[in-house]
Amino acid sequence: VQLQASGGGSVQAGGSLGLSCAGSGRSLGSFAVGWFRQAPGKEREFVAVISWSGGHAVEYAESVKGRFTISRDNAKSTVYLQMNSLKSEDTAIYYCAIWTGCNNPVDPSNYEDWGHGTQVTVSS
């Protein structure tokens, strides 16, 4: 599966952005998909993950709980990340990837098919 993240941009603190992760080559409908981010000089960190099953179980990093919402539209083979109340510390390149189903879903080493990221810049 090829993934492409889009929707990044520049916004002031307190603002909102919506990211999309579109899958091609094979539908994302059968996969759990996660969002990660990487700020300059820092390691890639987990943001959120959504399951592939009907209940669409989700998990969020503590730093984004209550502000970010992950969702999916399997008919469009797309996973979304709605980001509200953005803070300067949310500035990073955001990536989406497919969880292999093995081990901890917050560990980036358990993901594959990483797409090109999209830059999010939040100014204070």
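Close amide H partners of Glu59, meaning residues 5 or more places away or on another chain with modelled amide H under 5 Å apart, are Val49. For His116 and Glu59, what does the FRET efficiency come to when R0 = 35 Å and r is the distance between their Cβ atoms, rounded to the nearest 0.05? Computed FRET efficiency for His116 and Glu59: 0.90.
Dipole of the range 1-62 (Lys/Arg Cβ +1, Asp/Glu Cβ -1, origin at the Cα centre): which of Ser27, Gly9, Phe46 lies farthest to the positive side? Towards the positive end, the residue furthest out is Ser27.
Shape analysis of the chain yields a ratio of the Cα radius of gyration to the Kirkwood radius, Rg/Rh, of 0.94. Working from label points 7 Å from Cα in the Cα-to-Cβ sense, the Ser88 to Ala13 distance is 0.6 nm. Centre-to-centre, using Cα atoms only, the range 3-80 and the range 95-118 are separated by 11 Å. Taking Cα centre as origin and charging only the Cβ of basic (Lys, Arg, +1) and acidic (Asp, Glu, -1) residues, the dipole magnitude of the chain rounds to 260 debye.
Model label sites at Ser24 and Thr69, defined 7 Å from Cα along the beta-carbon direction, differ in position by 2.9 nm. Per-residue Karplus couplings for the range 67-79, computed as 6.51 cos²θ - 1.76 cosθ + 1.60 with θ equal to phi - 60°, are listed in order as 10, 10, 9, 9, 8, 8, 10, 5, 5, 9, 6, 9, 10 Hz, Gly and Pro entered as x.
Rule-based calculations on the coordinates, nothing more; no lab input. Note that this is a predicted model, so its numbers are computed, not measured. We place every Cβ from the backbone using ideal geometry, glycine too, and count neighbours over all the protein chains shown.
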